[in-house]
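These notes concern the structure reproduced below.
Since every read-out is calculated from the coordinates, none of them should be taken as a lab result. Everything numeric here is computed off the predicted structure, so don't read it as measured data. With ideal geometry, Cβ positions are generated from the backbone for all residues, glycine too; neighbour counts draw on all protein chains shown.
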Amino acid sequence: MAVAGEGCWLIDAEGKRYLDGSGGAAVSCLGHSDAHVRSAMTAQIERLSFAHTGFFTSEPAEALAAKLIENAPEGIARVYPVSGGSEAVEAALKLARQYFLEVGEPQRSKIIARRQSYHGNTLGALAAGGNAWRREKYAPLLIECHHIAPCYPYRDQRPDESAEDYGLRAANELEAEIERLGPETVMAFIAEPVVGATAGALAPVPGYFKRIREICDRHGVLLILDEVMCGMGRTGTLFACEQDGIAPDLVTIAKGLGAGYVPIGAMLASQRIHDAIEGGSGAFQHGHTYHAHPLAAAAAHAVLQRLVDDGLVAGVPAKGEALVAALTDRLGSHAHVGDIRGRGLFRGIELVADRETKAPFDPDRKLHVRVKAEAMARGLICYPAGGTIDGRRGDHILLAPPFIISQTEIETLADRVTDAI
Ligand code: PMP
């Protein structure tokens, strides 16, 4: 049982200390017990803890929306706060659907996603997620979704192929799928810019998302980027897609936005989408009782101040490099480490049975889960991002420590994860 948290550490009921090497699952970007967030929450609860959005907006909700827009990717102009990642994805899928009704293309209802992806556990988000085993029990789901291959250079880039050529080839799968389904029936493509929970910080090659954007534009398909895990500075820029130089139509965020202090998420939309709805039926039916909750919004606003104004995101690239250097130093030639990858403080280790052939371990050995247990025994929390992914096996360890991690803690993290592996 966890009883306390301070900085990058969690403490259990026996007093054992654990280095939070994955922020839960890329949540605790500020670490535990951040003084600024604590005082913003205390001040807010003393003034106003709840006002239903059917009656009122609130100061912290407006301040949060304004700050998000100020720092959002190009073209993003509106914020819809919700209570978590799945709700944000659900909101994006519904808004995309409504957009096409408003603009007179009601036949556009299908979505395309990628096989290595996680988008949440509600029925719409589950339909989009790539893990077939998660969906099976709950079929039929609410949305018709088709899955293509992810951009996975470690496994899919050919030896004679440049990263750029591979990126184009991988992105072109989207075009083939849109054409197969009939462009006039496809509503949106949804993807995590850097894949988290199912693939251990799988970053795209340069040019991949630029081509994806071109393909979406050519066929009138909306681009939804799910930054629930990789957003909020985790990869070194507030939004991961900034590094890919593209403007999405819809973006979802959560985890790092609440930073573990409150449950909160948001869907962000472009002006074009907002205007089509405002100029049409005028209403988006997605209210949840707790959306834009004042206390949650005050905490998230304080989190953004720490991330942006206090320069925590600006420090992520250098700390990320230090983490990779420490991991490479210890694991770079390990017989069972196939790949060390990711961006910023969002890093993954892919374990393989054979480095030469890249053959995965026998799935029944559940290696990623065993590494998690061995790490816990050594006082390290690291996230086991593995499982059966549409028949494709993977044992991935996800590392996503708080942005306040020190060099000494980076070395401790690398030592303990190496020891656990
Ligand atoms: N999208 C992504 C990319 C995620 O990683 C997650 C959570 N792991 C979700 C959506 C769902 O978020 P939540 O668990 O807050 O509903």
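Could you work out the mean projected area of the convex hull around the alpha carbons of the range 160-311, in square nanometres to one decimal?
11.3
From the P(r) of the chain, can you give the percent of Cα pairs sitting at distances over 42 Å?
Value for the chain (Cα pairs over 42 Å): 11 percent.
Can you pull a Stokes-Einstein diffusion coefficient for the range 244-326 at 37 °C (0.692 mPa s), Rh from Kirkwood over Cα pairs, as a whole number of µm²/s?
The calculation lands on 212 µm²/s.
Fully extended, how many nm does the chain gain between D309 and N121 (0.36 nm per residue separation, minus their Cα-Cα distance)?
64.4 nm
Taking the number of other C-beta atoms within 10 Å as the exposure measure, put F50, F100, F346 in order starting with the fewest.
F50, F100, F346
Over the range 295-335, what lengths in whole Å, largest first, do the semi-axes of the equivalent ellipsoid take, defined as the square roots of 5 times the eigenvalues of the alpha-carbon gyration tensor?
Numbers: eigenvalues 224, 28, 4 Å².
For the range 295-335, the semi-axes come out at 33, 12, 4 Å.
In bins 10 Å wide, starting from 0, what share of all Cα pairs of the range 1-157 does each bin hold, as a percent?
Spelled out bin by bin, the range 1-157 gives 8, 22, 31, 27, 11, 1, 0 percent.
Going highest first, how would you order 271-283, 301-313, 237-249, 18-30 by mean Cβ packing within 10 Å?
Values: 271-283: 14.3, 301-313: 20.1, 237-249: 21.9, 18-30: 24.2.
In decreasing order of mean packing, 271-283, 301-313, 237-249, 18-30 become 18-30, 237-249, 301-313, 271-283.
Using the structure shown, list the pairs from K16/K358; K255/K366; K67/K319 with a Cα-Cα distance above 30 Å, or answer none.
K16/K358
Give me D for the range 108-208 in µm² s⁻¹, whole number, from Stokes-Einstein with Rh from the Kirkwood sum over alpha-carbon pairs, 10 °C and 1.306 mPa s.
112
Using r as the Cβ-Cβ distance of M1 and D362, and R0 as 30 Å, what FRET efficiency do you calculate, to the nearest 0.05?
In this case the efficiency is close to 0.35.
Determine the sum of side-chain charges near A72: Lys and Arg each +1, Asp and Glu each -1, restricted to other residues whose C-beta is under 12 angstrom from that of A72.
-2
Around I112, which amide H atoms from residues at least 5 apart in sequence, or from another chain, sit under 5 Å from its own amide H, with H modelled in the peptide plane?
Distant-sequence amide H within range of I112: H146, A188, F189, I190.
Quote the Stokes-Einstein diffusion coefficient, in whole µm² s⁻¹, for the range 1-91, based on the Kirkwood radius over alpha carbon pairs, a temperature of 20 °C and a viscosity of 1.002 mPa s.
Translational diffusion coefficient: 133 µm²/s.
Give a residue-ordered list of calculated ³J(HN,Hα) values for the range 409-417 (Karplus: 6.51 cos²θ - 1.76 cosθ + 1.60, θ = phi - 60°; whole Hz; x for Gly, Pro).
Each residue of the range 409-417 in turn: 5, 4, 5, 4, 4, 5, 4, 5, 5 Hz.
Mind checking which aspartates and glutamates have their Cα closer than 15 Å to the Cα of K210? Skip sequence neighbours fewer than 8 apart in that chain.
E74, E164, D165, E173, E175, E192, E242, D244, D249
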